[in-house]
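This report concerns only the one structure given below.
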Amino acid sequence: MIFKIFKKELKDTIRDRRTMLMMLVIPVLIFPILINVVVNIQTSFADSAEEKVLRIGIIGDTNDYIAHKLSAIPESFGPKKLIPYSGDSLKLYADQKNETIDLIIWYDKNLEEDLASNKKTSIIWGFDKTNLGYSQRAKSYMQIIEAEERFKRYDALGIDEQQLNPFDTIYENTASEQQMLGELAGGFLPYIFIVFGFMGCMYPSIDLFTGEKERGTIETLLTTPVQRWKILVGKMLVIVLSGLMSSISALIGLFFSIQFLDIVPDPSLVAIIASILTPGFIIKLFLLLLPLTIFFAGVMIPISVYTKTFKEAQSIIAPLNIVFILPAAVGLFPGVELNLATACVPILNIVLTTKSLIAGNIDYLLLGISFTVMLILAAIAVFISFRQFGKETNILN
Amino acid sequence: MIKIENLCKEFPLSKEQKKERNTSDKFASAVSNVSFDCNPGEVFSLLGPNGAGKTTILRMLSTVIQPSSGSIEICGIDAIKYPREARSKLGFLTGSTGLYARLNAHEIIDYFASLYNVPHAILKERKSYLFDLLGMNEFAHKRIGKLSTGMKQKVSICRTMIHDPEVVIFDEPTSGLDVITADSIIQLIRDCRDQNKTVLFSSHIMGEVDLLCDRLAIIHQGQLKHHGTMDDFRAQMTGKSLTGEFINIVQS
């Protein structure tokens with residue numbers, strides 16, 4: 001009987017365009033579209049920042065030391081145009097404010113004399129940090145000028161650079177690329193589960209309970225000789241399936257983006273991602289995803305059963321997404337790791353377990369605890385759903 | 001047959017409802033001590049103005065809601081103790097058409113037949129009979145959302161009758177329908193009586209009651225105001241019309 005109800009509800013849900021849009025179309029397309037747009041915008045900004053002829057206002061004249069040094073820097077470090085202000089600092093700052101110049105460089109009048117007498121002298125670069133690439137250009141120009149002057153002083157003093165820099169220190173990352181991927185991207189993956197799993201559950205849940213109440217079909221169904229718990233389970237299975245489908249669709253979209261949209265510049269990283277996605281990994285992920293989605297369905301069903309209209313249900317359920325994302329966000333903080341305590345915190349345990357799964361250093365005891373905690377929570381949510389569905393004041397408007 | 005005795009139903013009052021009604025009572029009585037029976041081969045009508053408690057009685061009969069007290073027997077089965085068994089004997093046409101807009105008539109009928117465990121061969125036969133009787137073949141493959149109110153009501157009736165129930169309950173079956181469709185439904189109710197089924201129907205329309213009913217009960221404010229045969233009702237008429245008599249009883 002449960003399967004009969006499940007089959008009919010699934011057919012009904014599949015024919016609902018809004019649910020299909022939320023369950024399949026948006027999750028599959030969102031990452032390829034979003035990533036494509038972001039990458040294109042980023043590339044175009046980076047290109048235009050690199051190609052932009054920076055207008056550099058200098059406080060001195062074109063025959064100054066700094067002007068000479070800047071002019072000597074090859075165009076490969078970015079094209080530039082020097083504009084001298086001959087000591088007119090007010091105009092220099094005013095022009096930068098009016099954006100007629102992009103960068104300003106301010107230095108002491110006695111700069112050349114200070115350098116000649118091996119003294120330290122100040123140079124101030126002024127830039128608007130909201131403009132991408134300006135500060136990097138200023139730093140790269142300054143590094144070249146400074147290095148040249150430093151080596152000149154070493155030569156003058158007859159000092160070998162090694163005498164001043166005794167250590168050649170290398171800080172080596174001993175974490176494997178898979179571990180790094182787990183740390184960096186592992187937290188992102190549960191977000192997909194939470195956001196899309198939630199979204200995928202939401203519409204069928206409202207449609208199959210509040211919607212049926214609004215349309216009067218629930219009463220018809222309740223007059224049949226089917227036990228209420230079977231009706232509940234049949235409907236719940238469709239909601240869970242929809243949530244799972246939504247998460248999986250988003251994952252497929254993300255995987256497609258990584259494979260074909262060139263968003264990961266390092267091919268070895270793409271190979272690692274592909275190697276992580278083994279059947280074993282997918283099964284373990286499913287083990288976590290299943291109770292999470294049942295939990296979502298279990299939270300949404302009592303609300304859908306209780307509310308009288310689609311709008312009312314939507315206005316209560318939609319903000320819950322934020323409540324579920326908050327513990328997931330904690331999982332992204334540095335130092336928060338999967339242990340006995342965190343494995344008992346719902347949602348957070350999913351984030352941390354997924355991170356460990358991707359990094360390949362999962363502790364199976366903690367995985368089991370996380371799974372059990374989610375399973376218990378899902379069972380409680382199902383029980384509450386059953387209680388609410390049994391109340392006659394809830395099932396009839 | 002249907003037999004109800006001293007049926008009562010109380011609904012809990014919310015804070016807002018208490019304020020609206022200016023009462024401190026925790027419950028409101030929707031049905032109070034209603035008793036009647038309805039026999040096979042008989043059309044029994046439940047009459048009453050809006051909010052009289054007719055739908056509440058029908059919902060208790062169909063076991064969708066539980067009575068606060070009293071007893072309900074359907075075909076000899078205690079419907080309070082054994083609601084599933086009682087429901088299997090029932091065909092209940094709710095006040096709204098209660099159909100799934102994204103499915104077509106075939107799919108809906110097959111679905112409900114499967115919920116009543118109707119064997120495939122019998123389903124085929126029943127479907128063919130009811131589709132012909134109700135003139136549903138033309139639109140049986142169209143999705144419900146695209147059908148007119150009359151077509152939807154026909155599908156609803158077919159859904160109610162598909163498992164050939166012994167007891168049929170119709171809650172305002174001709175409400176909002178055109179004359180032709182309403183007439184075909186009245187004919188179907190007569191057929192049910194001829195097939196020795198127990199038919200209980202609620203209505204506002206006295207003309208329909210006059211045409212169809214063998215016995216009737218008038219409910220007002222949750223209480224039984226009149227219970228008897230249609231002939232007795234006609235005989236005791238003091239006004240010129242059945243509607244007038246109905247109003248007299250309700251207002252008395």
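Of the beta bridges DSSP finds with both residues in the protein assembly as shown, what % are antiparallel, to the nearest 5?
Details: 27 of 54 bridges.
DSSP beta bridges in the protein assembly as shown are roughly 50 percent antiparallel.
Peptide B:98-104: average number of partner chain Cβ atoms within 10 Å per residue?
Working: counts 9, 4, 10, 6, 8, 4, 0.
For this peptide, the per-residue mean of nearby foreign Cβ atoms is 6.
Net charge near B:LEU200, counting Lys/Arg +1 and Asp/Glu -1 over other residues with Cβ under 14 Å of its Cβ?
On the way: positive: B:LYS3, B:LYS54, B:ARG59, B:LYS89, B:ARG193, B:LYS197, B:ARG215; negative: B:ASP37, B:GLU42, B:GLU73, B:GLU166, B:ASP171, B:GLU172, B:GLU208, B:ASP214.
Every neighbour counted, the sum reads -1.
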Across A:LYS230/B:LYS26; A:LYS311/B:LYS89; B:LYS89/B:LYS152; A:LYS97/A:LYS139; B:LYS9/B:LYS154, pairs whose alpha-carbon gap is larger than 28 Å: A:LYS230/B:LYS26; A:LYS311/B:LYS89; B:LYS9/B:LYS154
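What length, rounded to one decimal in nm, is gained on full extension from A:VAL25 through to A:VAL38, with 0.36 nm per residue of separation minus their alpha-carbon distance?
Values: separation 13, 0.36 × 13 = 4.68 nm, distance 1.97 nm.
Extending this stretch completely gives an extra 2.7 nm.
Give me the percent relative contact order of chain A, please, defined on Cα pairs under 8 angstrom at least 6 residues apart. Spell out each step's value before the answer.
Details: 486 pairs, mean separation 84.8, N = 397.
That works out to 21 percent.
Going by a ≥ b ≥ c, the root eigenvalues of the Cα gyration tensor, does the protein assembly as shown fall in the rounded group (a/c under 1.5), the prolate group (a/b larger than b/c) or the oblate group?
Details: a/c = 3.43, a/b = 2.91, b/c = 1.18.
Taking the square roots of the gyration eigenvalues as a ≥ b ≥ c, the protein assembly as shown is prolate.
Taking every residue in A:210-223, how many Cβ atoms of other protein chains lie within 10 Å of its Cβ, on average?
Working: counts 0, 1, 2, 0, 1, 6, 6, 8, 3, 11, 15, 6, 9, 17.
Rounded to a whole number, the mean comes out at 6.
For the protein assembly as shown, what is the calculated [θ] at 222 nm in deg cm²/dmol (nearest 500), taking -39500 (n - 2.57) for each run of four or more DSSP H residues and dividing by its residue count? Before the final figure, lay out the partial values.
Numbers: 30 runs with 363 residues, N = 649.
It lands at -17500 deg cm²/dmol.
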Euclidean distance of C-alpha centroids, region A:99-139 and region A:342-368, integer Å: 50 Å
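For A:ASP155 and A:SER135, what is the calculated FRET efficiency with R₀ set at 25 Å and r taken between the beta-carbons, to the nearest 0.05?
On the way: r = 31 Å, r/R0 = 1.22.
Working from the Cβ atoms, E equals 0.25.
Considering only DSSP beta bridges where both residues belong to chain B, give the percentage that are antiparallel (nearest 5).
On the way: 22 of 41 bridges.
If we restrict to bridges inside chain B, about 55 percent are antiparallel.
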Rounded to 5, the percent of DSSP beta bridges in region A:53-164 classed as antiparallel: 40 percent
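Just so you know, all these numbers are worked out from the coordinates, no wet-lab data involved. Values in this document were obtained by computation on a predicted structure and should not be read as measured data. A quick note on method: Cβ atoms are made from the backbone with ideal geometry, for glycine too, and the neighbour counts reach across all protein chains shown.
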